[in-house]
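Chemist: The structure follows.
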Amino acid sequence: MVPLRLRLYNFLSYGVEGGDLDLRPIHMACLSGGNGHGKSALVDAITWSLWGRSRAAREDDLLRHGTTEMEVEFEFASNHAVYRVIRKRSVRKGGSTATLELAVRDGDTYRAITGNTIADSERAISKILRLSYETFINSSLLLQGRADLFTVKRPAERKEILGEILGLGQYESLAEQARERERQHRSVAEHLRARVEELDTFLAAVPGLQVALATAEQELATVQTERSTGERHVEERERSVQTLLGLRDALERLDLRLATIAQEEAEAQRQRQRAQERTAAAQALLEDEQGIRERLALLQRLRQENDRLAGLVNDLRTLESHAAECQREIATEHTRISLELKAEQTSLDLACAAVKDLHRVEGELVLVKQRHAGLATLQAERQVVTERINQVVETLGGLRASIAGLSSRRKELRERILSLKSAGAICPTCGTTLDEQRRAEAHEAAMQEGIASKTLMEREQLQEASLAVEQQQVQAVLDKIERSIAEAQVAGRREAELEEKARAFRALAERQVSLAESVALLTRRLDIGEFASDARISAAAIERQIVALAYDREAHAALTAQIRGLAPVEAQLAALDQARMDLQSAALAGNTAETRLVTLGEERGRIVCDQEPLRDALTDLPAKQQALLESRAVVQQLRNTEGDLQHRLGSLRSQLDDARKRAADRATAAASAKEAEQQAWAHKELAVIFGKRGIQAMLIENALPELEQDANELLARMTDNSTQVQFATQRTGSGGKAIETLEIKIADTMGTRTYEMFSGGEAFRINFAIRIALSKLLARRAGADLSFLLVDEGFGTQDSQGRDRLVEAIGAIAEDFEKILVVTHIDELRDQFDVHVEISKGPGGSQISVSAA
């Protein structure tokens, strides 16, 4: 991947303008600027646009302070094609949104190849680059203080680092999976072996089960014979008892018939009594025939008078309906005038109150306008203070990152100083004992570097503390301005409200006189009844007509009550003919009831005679029933015994069937146990193969020739073929035993020596060559070409001679890379490059400028 152009918008220290970096004409350049000005932000912008990742813990931390949206546009070349990525993010109160656009150069324009989702587009970018985020930052980026990380480690630790670079963790994971599978198969095998032993124990009891089955079959045959005999005895006794029960049923039927005869005799007596009562009622009605006819004539005269009064009621209802309509019209008009009076009175009250409130509102309006007038000035002050806060925050971020790096480096130096403090110290690199001169030199070098790191860190910590205090002070000023702006904005809204109230109050005050006159007029009309004149005249005329009818409601009610009292006489007249017929039918019913009583008495006598022999025959029934119960109990006991034996036989047969199945299960379990043991052995072998002494060691052995070749090619260019590096993976320990290691042996014109024996400049070239070789190895393992290199501040703290060596080393590898950027804030190092990319900090954010020496 080769970067071509980078554009930043509201990203970290970069604002709306000034974040455009064109790398197309640049082959090698120096990227410089003060701490916190935005140098590292360019690297974060590249990684965030491609992979959505950066040094920040959260994406929202990348957003420029005080803004709500950011954007990075990045153009790069890969595999002879040019691509463009645009990633955006917006943060609002309701949440955040993000977009990612991917396009490929097609002639003079870009053709979109964006996926359906952001994840789809990110997978497409990774496929184009053939690099992950981790691979990129460990290959294309040479970060400050990490260039000699590989060479200064102990030999055993170097092998672990190389394993991480080669991605051998996956094989360690496979080895652990194989060990876990081995444990699982061994557990299965143990379980199956225990199952085989359990089945052997069960199968040992099979002969006893067969003997028990034969014994149970003999017992069952004996019980079945006894049960058949008992069932025959039960059948004989049941037939005898059933005969007696039939006689008992006949006796019960006779008793039931006697009860029925008693009920029928009672019913015949009731019929005779009703016939007598009907005869007496009919005779009494026929004796009052003359009185009934006189009351009927009176009823007819009263009904004629009632018809006359009903005609008067109809006329009265018509007149009352007209009168009610007139009254409703009068009430409606009264209600309308009352409501109109109430509305006018309410308006008059509001107008009077408005006159009082108008002076108060106008005075408050003057004060509110004064407060609102200062809003523009406050907003301008807020803009200035906000820009200063952004500058302080960005600078603090850079300082804190630098302090963290220095703190980590000082910790490493303290450990090295302690290990080199006393005589007989062990070399932290090769593990051999140092002589006094080498120990003193190494100790002094570590002390000097520690003092320089401490001085630099203390200076940056003082600057950090000063900026933190300034941040608090400026933030306090900003909070005060924000409160003032909020108050001015509230005053603006209050001004509009007060102006609207003043207009309403003036309008109400102008209507006060006309409203007072309207209220007085409406009140006088209600008091003297000056409304609905036609309805009042009509109501008086109708009242006179009602009086002229002379209708008496009480007399009419009394007449109606008298008619209701005489109404039954019509039914009495009709009942006279029915009474004559009832006399004849009642006499016939009485004679029929007498005849029925005689017949029922004769039947009762015959039934009593038939009951005596039946009672004598039933005296033996209880004894025969008891004998039957005892026989049934004996048979039931035999059946229960038979059932128990059948159940036991079924259980024994089931156990024998289960035994046959378990014998088959035992053979299967034994075979499966053997298979599981074989699988456990196979996975144990796989764990060894995938382990550190297996395929991992083989891959490291295969990678080392590539690493040596790349490092030696660079060393040849930087040292005129005078220095070569060699990696040894084993050494002979005490007793001639081979020990796994990764030693670095360096050969030059003075012979072969260890890394610690070389001077600072020589060690620098070795570190640089090995670091570049590791980066190339990592890129090749990812399937990508290493064509872009970013060096962050060189290799630790360098003096002027060290900076010269850095430029010399970079120049030696310039032909291997399409673009090289060296990040620094040191002017002497900056001046040794022909092309300068300068990052400066202004009120609107960081600014990028490119110049040639």
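The values are calculated or read from the model by the stated rules, or taken from the named source; none is laboratory data. Keep in mind it's a predicted model, so treat the numbers as computed, not measured. Positions of Cβ are generated from backbone atoms using ideal geometry, with glycine treated the same way; all protein chains shown enter the neighbour counts. Just so you know, the surface numbers come from the protein's heavy atoms only, side chains and all, with ligands and any DNA or RNA stripped out. Shrake-Rupley method; radii C 1.70, N 1.55, O 1.52, S 1.80 Å.
Chemist: Would you pick out the residues in segment 472-526 that are under 21 Å from residue 340 (Cβ atoms) and among the aliphatic types (A, V, I, L, M)?
Modeler: Let us first name the residues in segment 472-526 that are under 21 Å from residue 340 (Cβ atoms), namely 507-508, 510-526.
Matches in segment 472-526: 507, 508, 513, 515, 516, 519, 520, 521, 522, 526.
Chemist: Something else: Under the condition of being loosely packed, with under 15 Cβ neighbours inside 10 Å, in a strand (DSSP E or B) and among the basic types (Lys, Arg), which residue from segment 82-133 is nearest to the chain's Cα centre (by Cα)?
Modeler: Selected residue: 92.
Chemist: Here is a list: 136, 76. Which entry is closer than 28 Å to residue 25 by Cβ, open to solvent by less than 40 Å² (accessible area, probe 1.4 Å) and in a strand (DSSP E or B)? Full working, then the answer.
Modeler: Numbers: 136 fails: in a strand (DSSP E or B).
On inspection, the qualifying residue turns out to be 76.
Chemist: Here are the criteria: (1) under 21 Å from residue 274 (Cβ atoms); (2) open to solvent by 50 Å² or more (accessible area, probe 1.4 Å). Tell me which single one residue 600 does not satisfy.
Modeler: (2)
Chemist: Oh, and also: Look through 282, 259 and report the one residue that is surrounded by 14 or more Cβ atoms within 10 Å (Cβ to Cβ) and part of a helix (DSSP H, G or I).
Modeler: On the way: 259 fails: surrounded by 14 or more Cβ atoms within 10 Å (Cβ to Cβ).
The conditions single out 282.
Chemist: If you don't mind, there's one more thing I want to ask. If I filter segment 680-706 down to residues being open to solvent by 70 Å² or more (accessible area, probe 1.4 Å), in contact with a helix residue (DSSP H, G or I) (Cβ under 9 Å, 6 or more places away or on another chain) and not aliphatic (A, V, I, L, M), which single residue comes out as modelled with the highest pLDDT? Break it down into steps so the answer makes sense when it comes.
Modeler: If we filter segment 680-706 for residues that are open to solvent by 70 Å² or more (accessible area, probe 1.4 Å), which is where we start, we get 681, 684-685, 688-689, 692-693, 698, 701-702, 705.
Right, trim to in contact with a helix residue (DSSP H, G or I) (Cβ under 9 Å, 6 or more places away or on another chain) and you get 681, 684-685, 688-689, 692.
From what is left, the residues that are not aliphatic (A, V, I, L, M) are 681, 684-685, 692.
Values: 681: 87, 684: 82, 685: 81, 692: 70.
This residue is 681.
Chemist: Look through segment 541-554, keep the residues that are out of contact with any helix residue (DSSP H, G or I) (no Cβ under 8 Å at 6 or more places or on another chain) and assigned to a helix (DSSP H, G or I), and return whichever of them is surrounded by the most Cβ atoms within 10 Å (Cβ to Cβ). Let's see the steps before the verdict.
Modeler: Restricting attention to segment 541-554, the residues satisfying the condition of being out of contact with any helix residue (DSSP H, G or I) (no Cβ under 8 Å at 6 or more places or on another chain) are 541, 544, 547-548, 550, 552-554.
Applying the additional criterion that residues be assigned to a helix (DSSP H, G or I) yields 541, 544, 547-548, 553-554.
On the way: 541: 12, 544: 9, 547: 8, 548: 8, 553: 10, 554: 7.
By that ranking, first place goes to 541.
Chemist: Restricting attention to segment 575-587, and to residues there that are closer than 25 Å to residue 298 by Cα and open to solvent by 70 Å² or more (accessible area, probe 1.4 Å), which single residue is farthest from the chain's Cα centre (by Cα)? Even if it seems obvious, please write down each step before you answer.
Modeler: Of all residues in segment 575-587, those closer than 25 Å to residue 298 by Cα come to 575-579.
From what's left, open to solvent by 70 Å² or more (accessible area, probe 1.4 Å): 577-578.
On the way: 577: 94, 578: 91 Å.
It comes out as 577.
Chemist: Next question. Being in contact with a Ser or Thr (Cβ under 8 Å, 6 or more places away or on another chain) and either in a helix (DSSP H, G or I) or of a type in the set (A, V, I, L, M, F, W, C) (or both) is the filter here; which residues of segment 483-531 pass it?
Modeler: Taking segment 483-531 and keeping what is in contact with a Ser or Thr (Cβ under 8 Å, 6 or more places away or on another chain), we get 508, 511, 515, 526.
Of everything in segment 483-531, those that are in contact with a Ser or Thr (Cβ under 8 Å, 6 or more places away or on another chain) and either in a helix (DSSP H, G or I) or of a type in the set (A, V, I, L, M, F, W, C) (or both) turn out to be 508, 515, 526.
Chemist: Does residue 402 count as touching a strand residue (DSSP E or B) at 6+ places or on another chain (Cβ under 8 Å) and open to solvent by less than 80 Å² (accessible area, probe 1.4 Å)? Let's see the steps before the verdict.
Modeler: On the way: touching a strand residue (DSSP E or B) at 6+ places or on another chain (Cβ under 8 Å): no; open to solvent by less than 80 Å² (accessible area, probe 1.4 Å): yes.
When the stated conditions are applied, residue 402 does not pass them.
Chemist: A further question follows. Might you let me know whether segment 111-126 holds any residue that is among the small types (Gly, Ala, Ser), in contact with a helix residue (DSSP H, G or I) (Cβ under 9 Å, 6 or more places away or on another chain) and at pLDDT below 85?
Modeler: Applying the first criterion (among the small types (Gly, Ala, Ser)) to segment 111-126 yields 112, 115, 119, 121, 124, 126.
Those still in the list that are in contact with a helix residue (DSSP H, G or I) (Cβ under 9 Å, 6 or more places away or on another chain) too: 115, 126.
Applying the additional criterion that residues be at pLDDT below 85 yields none.
Checking segment 111-126: not a single residue is among the small types (Gly, Ala, Ser), in contact with a helix residue (DSSP H, G or I) (Cβ under 9 Å, 6 or more places away or on another chain) and at pLDDT below 85.
Chemist: Among the candidates 604, 648, which residue alone is modelled with pLDDT under 80, among the charged types (D, E, K, R) and in a helix (DSSP H, G or I)? Before you say what the answer is, go through the steps one by one.
Modeler: Working: 648 fails: modelled with pLDDT under 80.
Residue meeting the stated conditions: 604.
Chemist: Those residues that are assigned to a helix (DSSP H, G or I) and open to solvent by 60 Å² or more (accessible area, probe 1.4 Å), I need them from segment 365-379; list them, please. Step through it out loud before you land on a result.
Modeler: Let us first name the residues in segment 365-379 that are assigned to a helix (DSSP H, G or I), namely 365-372, 375-379.
Answer for segment 365-379, where residues must be assigned to a helix (DSSP H, G or I) and open to solvent by 60 Å² or more (accessible area, probe 1.4 Å): 366, 367, 369, 370, 371, 372, 376, 377, 379.
Chemist: Here is a further query. Residue 151 passes all but one of (1) part of a loop (DSSP other than H, G, I, E, B); (2) at pLDDT below 70; (3) not acidic (Asp, Glu); which number fails?
Modeler: (2)
Chemist: Restricting the first residue to segment 302-327 and requiring it to be assigned to a helix (DSSP H, G or I), which pairs with a second residue that is open to solvent by 70 Å² or more (accessible area, probe 1.4 Å) meet a Cβ separation below 7 Å and a spacing of at least six or different chains?
Modeler: Hits for this filter: 302/562; 319/545; 323/543.
Chemist: Condition check: out of contact with any strand residue (DSSP E or B) (no Cβ under 6 Å at 6 or more places or on another chain), under 30 Å from residue 181 (Cβ atoms) and surrounded by fewer than 16 Cβ atoms within 10 Å (Cβ to Cβ). Does residue 677 satisfy that?
Modeler: Working: out of contact with any strand residue (DSSP E or B) (no Cβ under 6 Å at 6 or more places or on another chain): yes; under 30 Å from residue 181 (Cβ atoms): yes; surrounded by fewer than 16 Cβ atoms within 10 Å (Cβ to Cβ): no.
Answer is no for this residue.
Chemist: Considering only residues of segment 308-356 that are open to solvent by 90 Å² or more (accessible area, probe 1.4 Å) and under 60 Å from the mean Cα position of the chain (by Cα), which is nearest to residue 529 (Cα to Cα)?
Modeler: The residue in question is 339.
Chemist: Do we find that residue 201 is farther than 30 Å from residue 611 by Cβ, β-branched (Val, Ile, Thr), modelled with pLDDT of 85 or more and loosely packed, with under 14 Cβ neighbours inside 10 Å in this structure? Even if it seems obvious, please write down each step before you answer.
Modeler: Working: farther than 30 Å from residue 611 by Cβ: yes; β-branched (Val, Ile, Thr): yes; modelled with pLDDT of 85 or more: no; loosely packed, with under 14 Cβ neighbours inside 10 Å: yes.
Taking the combined requirement at face value, the residue does not satisfy it.
Chemist: I would also like to ask the following. Condition (residue is buried (at least 17 other Cβ atoms within 10 Å of the Cβ), assigned to a strand (DSSP E or B) and over 32 Å from the mean Cα position of the chain (by Cα)) applied to segment 50-71: is it met by at least one residue?
Modeler: No, there is no match, as no residue in segment 50-71 is buried (at least 17 other Cβ atoms within 10 Å of the Cβ), assigned to a strand (DSSP E or B) and over 32 Å from the mean Cα position of the chain (by Cα).
Chemist: Identify the residue in segment 707-733 that is in a loop (DSSP other than H, G, I, E, B) and within 12 Å of residue 765 (Cβ to Cβ) and, among all such residues, is modelled with the lowest pLDDT.
Modeler: Taking segment 707-733 first, the residues in a loop (DSSP other than H, G, I, E, B) are 720-723, 733.
Pick out the ones that are also within 12 Å of residue 765 (Cβ to Cβ) and you get 720, 722-723.
Numbers: 720: 76, 722: 81, 723: 83.
Of everything passing the filter in segment 707-733, 720 is modelled with the lowest pLDDT.
Chemist: If only one of 224, 218 is polar (S, T, N, Q), more than 60 Å from the chain's Cα centre (by Cα), in a helix (DSSP H, G or I) and surrounded by 12 or more Cβ atoms within 10 Å (Cβ to Cβ), which one is it? Walk me through how you get there before you give the answer.
Modeler: On the way: 218 fails: surrounded by 12 or more Cβ atoms within 10 Å (Cβ to Cβ).
One residue alone meets the criteria, 224.
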